Amino acid sequence: MAENSTRTIGVLTSGGDAPGMNAAIRAVVRKAIQNGMKVKGIYRGYTGLLNEEIVDMDKRSVSDIIQRGGTILGTARCEEMRTEEGQAEAAQICHDHGIDSLVVIGGDGSYRGALALSRHGINAIGIPGTIDLDIACSEYTIGFDTAINTAMEAIDKVRDTSSSHERCSIIEVMGRNAGYIALWCGIANGAEDILIPETYDYDEQRIVDNIINNRKHGKRHHIIINAEGIGHSTSMARRIEAATGIETRATILGYMQRGGSPTCKDRFYASIMGAYAADIAAQGKSNRVVCLQHGEVTDVDIEEALVMEKHISDYQFEISKALST
Ligand code: F6P
């Protein structure tokens, strides 16, 4: 493709929101304009695209947002975009509005929609935006750093009261089917047990033995970080209390992990990745996912990105156990 084959670029955020999405929108808009393109913002993800909630954006449309959590464009999970009809209609709407490239800021689910649009002739470019860190092609996803810092601070607070009352606490963190938030917080908060879907064997007796053993050795609290992908923290707490005789409470951190002003790291990568997306669109690269690999921002084919796999580091998980004794 020739240089600057994109004349109009669209941008939307899709799936669960993540801190730093605004910084990514700002970067896409400003760099695309510098690259000589027009920019259209699409509200409420693919749902808004299908409803033609499309507005022109200029450099001032993205003033004063870099520090804000959430997404100024709004987001949605769109069932219609999973259907052939929905995908064809979304592509037609892009054509009608002159959108030749579409930047989709979101997770894997959002890239499936982007891939479908690319098959209808729209150049789709994904930017990894999710607190879960579960996008295989990228070492980093926008929102992860803010989410783990929010969770870490909350877990510190639960730990204070857990120690005072000599209780066991099960704290459930988000992450869908991935255990990255749990692993990072588990290590950063010095948790006694970390339960992640990638490795958990459902052996509660081992946890019970660990709690009793730690208590014998003078530990005044026992923090268990439980990943959302395992869940059932409240019933687990009841069973553990019955088996150990130690008061056990469950805390589910929930959506607070998705909000708040993005950290420096999230703003930084969101800005670089957003600008990079506008640059590759200008260069005529098509159907790519922007990603971080070996510490550098680069891009991979969207179809390849969707079949890649990512694994929790065995070493990091082993270390988390070694340090909690
Ligand atoms: O993908 C981000 C995330 O917060 C996951 O950790 C969680 O499983 C999911 O979104 C919750 O989604 P919803 O906002 O649709 O309840």
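The values are calculated or read from the model by the stated rules, or taken from the named source; none is laboratory data. Treat the numbers as computed from the prediction; the structure is a model and nothing was measured. Heads up, the Cβs are rebuilt from the backbone with ideal geometry, glycines too, and the neighbour counts pull from every protein chain shown. Note: areas computed on protein heavy atoms with side chains; ligands, DNA, RNA excluded. Shrake-Rupley method; radii C 1.70, N 1.55, O 1.52, S 1.80 Å.
Rounded to the nearest 10 degrees, what's the angle between the helix 144-165 long axis and the longest principal axis of the chain, both from Cα atoms, 0 to 90?
The helix 144-165 is inclined about 20 degrees to the chain.
Hey, got the dipole for the stretch 146-258? About the Cα centre, +1 on K and R Cβ, -1 on D and E Cβ, debye to the nearest 20? Show your work: numbers first, answer last.
Numbers: 13 positive and 15 negative charges, 50 e Å.
So the magnitude is around 240 debye.
Ordered by residue, what ³J(HN,Hα) values in Hz, to whole numbers, does the stretch 283-291 give under the Karplus form 6.51 cos²θ - 1.76 cosθ + 1.60, where θ = phi - 60° and Gly and Pro are x?
Taking θ as phi minus 60°, the curve returns 6, x, 6, 10, 6, 10, 10, 6, 8 Hz for the stretch 283-291.
Give me the percent of Cα-Cα pairs in the chain that sit more than 38 Å apart, rounded to a whole number.
Cα-Cα pairs of the chain separated by over 38 Å account for 23 percent.
Please report, largest first and rounded to whole Å, the three semi-axes of the ellipsoid equivalent to the stretch 65-214, where each semi-axis is the square root of five times an eigenvalue of the C-alpha gyration tensor.
Values: eigenvalues 338, 59, 27 Å².
The three semi-axes for the stretch 65-214 are 41, 17, 12 Å.
Averaged per residue, what accessible area in Å² does the stretch 146-258 show with a 1.4 Å probe, protein chains only?
Values: 5150 Å² over 113 residues.
On a per-residue basis, the stretch 146-258 sits at 46 Å².
Using +1 on the beta carbon of Lys and Arg, -1 on that of Asp and Glu, and nothing else charged, what's the dipole of the chain about the Cα centre, debye to 20? Show your work: numbers first, answer last.
Details: 33 positive and 44 negative charges, 192 e Å.
Dipole of the chain, to the nearest 20 debye: 920 debye.
Over the Cα atoms of the stretch 146-258, each weighted equally, I'd like the Debye log10 I(q)/I(0) at q = 0.10 Å⁻¹, rounded to two decimals.
-0.24
Would you list the P(r) distribution for the stretch 167-325, with all Cα-Cα distances sorted into 5 Å bins from 0 and each bin expressed as a whole %?
Per 5 Å bin, starting at 0, the Cα pair percentages come out as 2, 8, 14, 16, 16, 13, 9, 8, 6, 4, 2, 1, 0.
Taking amide H atoms as placed 1.01 Å from N in the peptide plane, list the residues 5 or more away in sequence, or in a different chain, whose amide H sits under 5 Å from that of E53.
The answer is Y43.
Beyond 28 Å, what share of the Cα-Cα pairs of the stretch 1-147 is found? Please give it as a whole percent. Let's see the in-between values first.
Numbers: 1279 of 10731 pairs.
Everything past 28 Å amounts to 12 percent.
How much length is gained if the chain between R82 and S63 is pulled fully straight, taking 0.36 nm per residue apart and subtracting their Cα-Cα distance, in nm to one decimal?
Values: separation 19, 0.36 × 19 = 6.84 nm, distance 3.35 nm.
Contour length minus Cα-Cα distance gives 3.5 nm.
As I understand it, the dipole of the stretch 146-258 uses +1 on the Cβ of Lys and Arg and -1 on the Cβ of Asp and Glu, about the Cα centre. Which of N214, A147, V158 lies farthest toward its positive end?
V158
Near K59, which lysines are there with a Cα under 17 Å away, not counting those fewer than 8 places off in the same chain?
The qualifying lysines are K31, K38, K40.
Take the chain, connect every pair of alpha-carbon atoms lying under 10 Å apart with a spring to form a Gaussian network, then pick out the residue of E309, E228, E198 with the largest mean-square fluctuation.
E309
Given a cut-off of under 8 Å on Cα pairs at least six residues apart, what relative contact order in percent is computed for the chain?
Taking the mean separation of contacting Cα pairs over the length of the chain, I get 25 percent.
With a 1.4 Å probe and every protein chain kept in, tell me what percent of the accessible surface of the chain is carbon plus sulfur.
Numbers: 6750 of 14120 Å².
Answer for the chain: carbon and sulfur cover 48 percent of the accessible area.
DSSP beta bridges in the chain, what fraction antiparallel, as a percent rounded to 5?
Details: 10 of 42 bridges.
Here the share of antiparallel DSSP bridges comes out near 25 percent.
Assuming R0 = 45 Å, what is the FRET efficiency of K38 and A242, from their Cβ-Cβ distance, to the nearest 0.05?
Values: r = 63 Å, r/R0 = 1.41.
My answer for the efficiency is 0.10.
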